[in-house]
Amino acid sequence: MNNWLKAGINLNLSSGLKYSANDAAWFSAYHAVPILPKYDMENYEALTESGIPDASPYSSAHLLGYRGAQNPFLQLDYSNNRQDSKKVHSGIYSEISFIPNKLRFKTTYNVSLGAIKNRNVGLPYFVTDDAKRLLSSISTDRIIDYDQFLDNVLTYSDSFGNHNLTVMLGQSYRDERYEYLSGYAEDIPEPQNAWYIGQSRSETSKQVNDGAERIYGLSYFGRISYNYDNRYLGYFTLRREGTSKYQEKWGTFPAFGLGWVVSEESFFNNVDFVDFLKFRAGWGQLGNDKIARAAGENTTNPVFLAIDDTQVNGTITTSTFGYLEWEVVEETNVGITANFLDNRLRLESDYFIRDTKKAAIPVNLKLQSGSILRNVGEIRNSGLEVVLNWDDNITRDLKYSVGINVSTLKNEVRDLYGQPYLNGGIAEFRQRSQVGEPLLSFYGYEVAGVYQNQAEIDADPVAVENGLVPGDFKFVDQDGNDVINDDDKVFLGSYFPDLTYGASLGLTYKNFDFSMNIMGQSGNKILNRKRGEIIWTDDTNIDADLATGLWNGEGTSNKYPSASGLRRGWNQNFSDYLVEDGSFFRIQNVQLGYNLNGTQLFGKGFPNARVFVTAERPLTVFSYNGFNPEVPNGIDRQFYPVPSVYTVGLNVKF
C-alpha cells in the first residue's frame, strides 16, 4: 500500500461430492472363497418365482455349503454412501513498518468454515435366509467446523558492527468449534428422492443424536536470535501455552540453540576441500495438547432400566477422574552441516533424543476396577539422521546428481508410574508397553515348530497336558517348566522401523533428463490380522502362502499348522505366527523427459514443450504376506493394495 504499510487478503472456496464404497466390501472380497461366483441366476429365478421381495441375482457362499455370504457385491450394489463437503478458508493480514528494515508489526486473522454432510443408505436384498437385508436403512450426519485464529507478531532486527540481533514477541489466539447432528431410520422408500429420515415408514426405528465441542487456546511467545560475524550463533525462545481442554490449563516451554560456523574462522582458511562447516546443538520443549479433553473430566452417564415393564431413567456418576495437563516433548540434538569439494558434496547430520514427558497413560485405580489417564508416563525416541548429496558436471551437456538419506530410530518406554506394564491390542491380538521396550510391542508366544507325529506328542508333557495332535504348534517353553502359560510369553517385535532410507538419482544430457527415487525401511513388524480373522470368520479364504504351506503330514511343514489346526484354540493363541517382517524396498518414482524448444524447432512464436513418461511405485520388494507393507500402526486387517501408476504426458508453455 505504501512504504510503511502492507495488507492482503485471501479467500479459498471448495466444494466436493464423493461416493465411497462400503468399507466391508474389500474385506469380503479378500476372504471370499475362490470358487464363489458373482451371480447365481438359478437361485434368483427360484426366488422370483416364489414371489420373494427384493430378490438378488448375486450368489452367496451359503449356496455352496459355506458359512457367511462372502460376496462383496452385496455391500457394493446395495449401499449408497455419499459425502457432500463445503469449505471456506479466508485470511487477512496487515504489516506496519515502524522503523524501516528494523521494527515491524504484523497481525493476521484467519477463519475457516467446513460443512460436511454424510448420508449412508442400505437397500434391501434377499439371497438366502442368512444373506439378506429385509428393510432399507439410512444414517446421516451433519458436521460443522468453525475455527478462528488471530496472530500478532512484533519483530526488531538490527546490526551493530559484527553483532546481529533479532528479537521477536508474539501472541496467538485460537477458537475451534465442532458441532454435529446425526440420525438413523429404517424402511425408507426406494426412490432416491425419498432418501430422508422423515420419509421412514418405521417411527420406532428413528434415532437422533447431537453433540458439540469448543476449545480455546492462547499463546504468548518470544524469541531472541544473535550471531557474531556469522560465526557464533545462538537463540532462545519461550512459549507460554494455554488451553481450555485441561484442568491444568497453562504450560511453559523454553528452548535454546547454539551454532559455530567453523569455516568462517581465520585458522580454517587453508582447508581447501571444505567450503562450509557448521556445528550446532540445541535443547527445547514443546507442549502437546492432542489428548482428548473427555479423558480429563469426571463424567455423568445416563442409564435406562426396565422395572415392572416400565422404562426408568437414571445416571451413573464417576467418583474419580484424571487431572490432565500438557504433555511435554523435550528434545536434545547435536548436528553438523558441511559442504565439500567446491560445494559438490553436501552433508547434513543430526543426532536427537526426544522424550515425551508427562505422557498421559492409564493408571489402574486402587481398591476398585478401571483406570484413569494421568500425566505420569515417559517415552523416548532417539536416532541419527544423515543426508548426503553430490552433484557434478561431467561435460557441458552431461550433469548428474546423487542423494542418500538414512535415519535410525529407537523407541523406548521409560516410565509407567511404577506399573510393571500396560496391555494394549484387541481381543487375542495382544500388545504390551513395558519399561525398556518399544511402545505397544507385540506380545505372545514364540513358535518353535509344528508337532510332526504322535511320538513327539507323547514325549512332550505340554502336548499331552493340552491334548494336542500332530499338526499343532509347538510353543517355546521359555522357563523350561513343561507348562505353557503367560510366563512363557515374550516380546515379538515392534511396528517402529529401526532404519528408514532413501536415495535419488538425476541425470541431464542436453534436452533429456532422467530422475529416480527409491525408499525403504527395515526392523519393523506387522501383525497379519487377516490371518487371525479366521477366529471369527466362517469358512473363508486364506492367503496362498498359508494355503500351500499348511502341515498335511509328517515333514510337510514346520512353519504352519494343519488346516484343522487353524480352528483349534491352541493354535489361535497369539504368537509370532501372526507377526511378520515389515521391511520393504521400493522404487518410488522414475521419470524420463525431453524438453522441446519451440522457437528453435519451429520458429519464432512457437511455445516450449516437454514430453515425459513416469512410473510411480513400479516395484516394491517385501516378504510380508499382505498387499502393502506400509502399515502405520503395524496392524493389517484390510489395507488396500497400493497401485503402480504409469503416465505419458505433454506440457506446453505458452
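The values are calculated or read from the model by the stated rules, or taken from the named source; none is laboratory data. Keep in mind the model is a prediction, meaning the values are calculated, not measured. Cβ atoms come from the backbone with ideal geometry, glycine included; neighbour counts cover every protein chain shown. Side chains are part of the model used for accessible areas, which takes the heavy atoms of the whole protein and leaves out ligands, DNA and RNA. Shrake-Rupley method; radii C 1.70, N 1.55, O 1.52, S 1.80 Å.
Look at the stretch 496-513 and say how many of its residues are part of a strand (DSSP E or B) and either open to solvent by less than 60 Å² (accessible area, probe 1.4 Å) or out of contact with any Leu (no Cβ under 6 Å at 6 or more places or on another chain) (or both).
12
Considering every residue within the stretch 454-464, establish whether at least one is within 30 Å of GLN247 (Cβ to Cβ), open to solvent by 40 Å² or more (accessible area, probe 1.4 Å) and modelled with pLDDT of 95 or more.
Checking the stretch 454-464: not a single residue is within 30 Å of GLN247 (Cβ to Cβ), open to solvent by 40 Å² or more (accessible area, probe 1.4 Å) and modelled with pLDDT of 95 or more.
Among ALA359, ALA338, which is buried (at least 18 other Cβ atoms within 10 Å of the Cβ) and under 30 Å from GLY523 (Cβ atoms)?
ALA359 is the lone residue from the list that is buried (at least 18 other Cβ atoms within 10 Å of the Cβ) and under 30 Å from GLY523 (Cβ atoms).
What number of residues within the stretch 283-321 are in a loop (DSSP other than H, G, I, E, B) and modelled with pLDDT under 70?
Number of matching residues: 7.
Do we have any residue at all in the stretch 46-59 that's open to solvent by less than 60 Å² (accessible area, probe 1.4 Å) and under 37 Å from the mean Cα position of the chain (by Cα)?
yes
Kindly provide the set of residues from the stretch 106-122 that are open to solvent by less than 60 Å² (accessible area, probe 1.4 Å) and either farther than 16 Å from TYR180 by Cα or touching a Leu at 6+ places or on another chain (Cβ under 6 Å) (or both), ordered by number.
Listed by number, the residues that qualify are THR107, THR108, ASN110, VAL111, SER112, VAL121, GLY122.
State whether one or more residues within the stretch 450-470 are of a type in the set (A, V, I, L, M), assigned to a strand (DSSP E or B) and touching a Phe, Trp or Tyr at 6+ places or on another chain (Cβ under 9 Å).
yes
If a residue has to be among the aliphatic types (A, V, I, L, M) and in a loop (DSSP other than H, G, I, E, B) to count, how many in the stretch 479-495 make the cut?
2
How many residues are exposed (fewer than 14 other Cβ atoms within 10 Å of the Cβ) and either of a type in the set (S, T, N, Q) or part of a strand (DSSP E or B) (or both) when one looks only at the stretch 413-434?
Here the count works out to 2.
The conditions are (1) part of a strand (DSSP E or B); (2) over 30 Å from GLY217 (Cβ atoms), and ARG380 fails exactly one of them. Which is it?
It fails just one condition, (2).
Just a yes or no: is a residue in the stretch 524-532 of a type in the set (Gly, Ala, Ser) and either part of a strand (DSSP E or B) or within 20 Å of ARG637 (Cα to Cα) (or both)?
Within the stretch 524-532, one or more residues are of a type in the set (Gly, Ala, Ser) and either part of a strand (DSSP E or B) or within 20 Å of ARG637 (Cα to Cα) (or both).
Quick check on my filter: what residues within the stretch 367-409 are open to solvent by 60 Å² or more (accessible area, probe 1.4 Å), within 30 Å of GLU330 (Cβ to Cβ) and at pLDDT below 95?
The answer is SER371, ARG374.
Tell me whether the stretch 69-78 contains one or more residues that are in a strand (DSSP E or B) and in contact (Cβ under 8 Å) with a residue 24 or more places away in the chain.
No, because not a single residue in the stretch 69-78 is in a strand (DSSP E or B) and in contact (Cβ under 8 Å) with a residue 24 or more places away in the chain.
ILE587 - would you say it is surrounded by 15 or more Cβ atoms within 10 Å (Cβ to Cβ), at negative phi and either within 20 Å of the chain's Cα centre (by Cα) or aromatic (Phe, Trp, Tyr) (or both)?
For ILE587, the condition - surrounded by 15 or more Cβ atoms within 10 Å (Cβ to Cβ), at negative phi and either within 20 Å of the chain's Cα centre (by Cα) or aromatic (Phe, Trp, Tyr) (or both) - is not met.
Looking only at the stretch 440-453, which residues are open to solvent by 30 Å² or more (accessible area, probe 1.4 Å) and over 41 Å from the mean Cα position of the chain (by Cα)?
If the condition is that a residue be open to solvent by 30 Å² or more (accessible area, probe 1.4 Å) and over 41 Å from the mean Cα position of the chain (by Cα), then ASN453 is the only one that fits.
Looking at (1) farther than 24 Å from TYR228 by Cα; (2) modelled with pLDDT of 85 or more; (3) in a strand (DSSP E or B), which is the only condition GLU325 fails?
So the condition that GLU325 fails would be (3).
Has the stretch 1-17 got any residue that is under 19 Å from ARG133 (Cα atoms) and surrounded by 10 or more Cβ atoms within 10 Å (Cβ to Cβ)?
No, the stretch 1-17 has no match at all.
Test TYR93 against the stated conditions and say whether it is surrounded by 11 or more Cβ atoms within 10 Å (Cβ to Cβ) and touching a residue at least 60 places away in the same chain (Cβ under 8 Å).
yes
Taking ASN485 as the residue in question, decide whether it is of a type outside the set (Asp, Glu) and open to solvent by 30 Å² or more (accessible area, probe 1.4 Å).
In short, yes.
Which pairs have Cβ atoms under 7 Å, sit 6 or more apart or on different chains, and link a residue in the stretch 391-403 that is over 22 Å from ILE518 (Cα atoms) to one that is surrounded by fewer than 15 Cβ atoms within 10 Å (Cβ to Cβ) and of a type outside the set (Asp, Glu)?
Listed pairs, sorted by first residue: ASP397/TYR509; ASP397/LYS510; LEU398/TYR509.
Enumerate the pairs (first residue in the stretch 638-654 and more than 13 Å from ASN589 (Cα to Cα) and open to solvent by less than 100 Å² (accessible area, probe 1.4 Å); second residue anywhere and at pLDDT below 95 and among the hydroxyl-bearing types (Ser, Thr, Tyr)) with beta-carbon separation below 9 Å, excluding pairs fewer than 6 apart on the same chain, so at least 6 apart or on different chains.
Cβ pairs passing all conditions: GLN638/TYR30.
Being at pLDDT 95 or above, closer than 30 Å to TRP250 by Cβ and acidic (Asp, Glu) is the filter here; which residues of the stretch 177-226 pass it?
GLU179
Give all pairs with beta carbons closer than 9 Å in which a residue from the stretch 48-67 that is among the basic types (Lys, Arg) meets a residue that is outside any helix (DSSP H, G or I); count only pairs at least 6 apart in sequence or on separate chains.
From the stretch 48-67, the pairs are ARG67/ASP130; ARG67/THR537; ARG67/ASP538; ARG67/ASP539; ARG67/THR540.
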